[in-house]
1. Evaluate region 212-219: report whether one residue or more is at positive phi and within 16 Å of the chain's Cα centre (by Cα).
2. Out of region 198-216, which residues are buried (at least 20 other Cβ atoms within 10 Å of the Cβ) and away from the ligand (no atom under 16 Å from the Cβ)?
3. Just to confirm my filter: which strands (runs of 3 or more DSSP E) fall fully inside region 196-272 and include at least 1 residues that are modelled with pLDDT of 95 or more and small (G, A, S)?
4. Could you check region 283-316 and list, in sequence order, the residues that are touching a Pro at 6+ places or on another chain (Cβ under 8 Å) and of a type in the set (S, T, N, Q)?
5. Which of the residues that make up region 150-176 are surrounded by fewer than 24 Cβ atoms within 10 Å (Cβ to Cβ) and of a type outside the set (D, E)?
6. In region 19-67, what count of residues is obtained for those that are within 16 Å of Y134 (Cβ to Cβ), within 16 Å of the ligand (Cβ to nearest atom) and of a type outside the set (A, V, I, L, M, F, W, C)?
7. Scan region 262-284 for residues that are loosely packed, with under 15 Cβ neighbours inside 10 Å and farther than 21 Å from G208 by Cα and report the count.
Amino acid sequence: MNNIWEIGNLSVSQGDKVKAYLELPTIEENLPTFLINGFEEGPKVLVLGGIHGCEYTSIDAAQKVGVDLLPSQVKGKLIVLPIANPASFYARSIYVHPRDQKNLNRMFPGKKDGTDSERLAFWLNESVFKEVDYIIDLHGGDMIEALVPFTIYHVSANEWVLEKSKEMASLFDIDYVIGSSDQVPGSTYGCASEQGIPAIIAEAGQQGILSEENSVLLQEGVKNILVSIGSLEGKVKKSESTYISVFDWYRSDFQGLWYPAVQIGETVVKEQLLGKITNGFGETVKEIKSHTDGVVLFLVSSLAINDKDPLLAVGA
Ligand SMILES: [Zn+2]
């Protein structure tokens, strides 16, 4: 019996692989897509890259997963969207969609008649998220962000989704695993887990540089998850993780110049100076001190800083 898998305008027969553009209703750009329908039955999995258009390492990693895997290897079904936000990618737009200046990873589940980002979120959720059993969303530091690799899962009220997501987040060769209690609503993984779909974000790479090493780290992690859920043959590789429950973001409340006093991966103590903001004349207008003991997981590396911009985050 031929088991055809349909996603939007695309379809793939059992035992086949298709690479083609996914067209979503009311979305101007088409999304390059790999669809794999394995010979054998198994879970349906989505791998996303490029929700943020300048996180190049994660885009490269997602694309390579899509290129590498074959229907003879995959049990079940796999869809890979390496450039999920093409307008942001080609505009080299940091954080936001170039047409509405909104962060796609704060828009889920989106709005059918909303702005560009809201519509993209809506159709990704309707046409793709709801068709799969697991979601792996690859990210990294944006053009102006340095970070140490970490993964995030949503602390869902659904015990099974919570445990499964936490397990998935622990399967990268990455030290820091963050359980997020919805500090940032509208994320891919938060929206997915609220709908009963185990989902995670993995972050590696930074500052607009394509890192081969971090791309491999993400690819290996994705494949390790696929092994653990029964999509791929093999042995699950376990690594030691540090679990973090507080992910403390610091934001600017001035426009000015940002001088971090710490580095990524650095351990900090409560009240330690994390950095300062000066005005255009070099006078300090704000000193940022740590609320907690913890480790600096990401750090904005841009000297120019705007009101409400993120500055850094400390995991505790
Ligand atoms: Zn991102």
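1. Initially, region 212-219 is screened for residues at positive phi, giving none.
Checking region 212-219: not a single residue is at positive phi and within 16 Å of the chain's Cα centre (by Cα).
2. Across region 198-216, the qualifying residue is only P198.
3. On the way: elements: 199-203, 242-244, 247-251, 256-260.
In region 196-272, 199-203, 256-260 are the strands (runs of 3 or more DSSP E) which contain 1 or more residues that are modelled with pLDDT of 95 or more and small (G, A, S).
4. Hit for region 283-316 is S301, nothing else.
5. Initial filter on region 150-176 (surrounded by fewer than 24 Cβ atoms within 10 Å (Cβ to Cβ)): 155, 157-164, 166-167, 170, 173-176.
The answer is V155, A157, N158, W160, V161, L162, K164, K166, S170, I174, Y176.
6. Residues that pass the stated criteria total 1.
7. The qualifying residues number 11.
Conditions (1) in contact (Cβ under 8 Å) with a residue 24 or more places away in the chain; (2) farther than 29 Å from V300 by Cβ; (3) surrounded by fewer than 18 Cβ atoms within 10 Å (Cβ to Cβ), marked per residue:
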| site | (1), (2), (3) |
| --- | --- |
| I4 | yes, yes, yes |
| K19 | yes, yes, yes |
| L24 | yes, yes, no |
| N30 | yes, yes, yes |
| L35 | yes, yes, no |
| E41 | yes, yes, yes |
| A62 | yes, no, no |
| V74 | yes, yes, no |
| P86 | yes, no, no |
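The values are calculated or read from the model by the stated rules, or taken from the named source; none is laboratory data. Being a predicted model, the structure only gives us computed values, none of them experimental. Quick reminder, even Gly has a Cβ in these numbers, built from the backbone with ideal geometry, and neighbours come from all protein chains shown.
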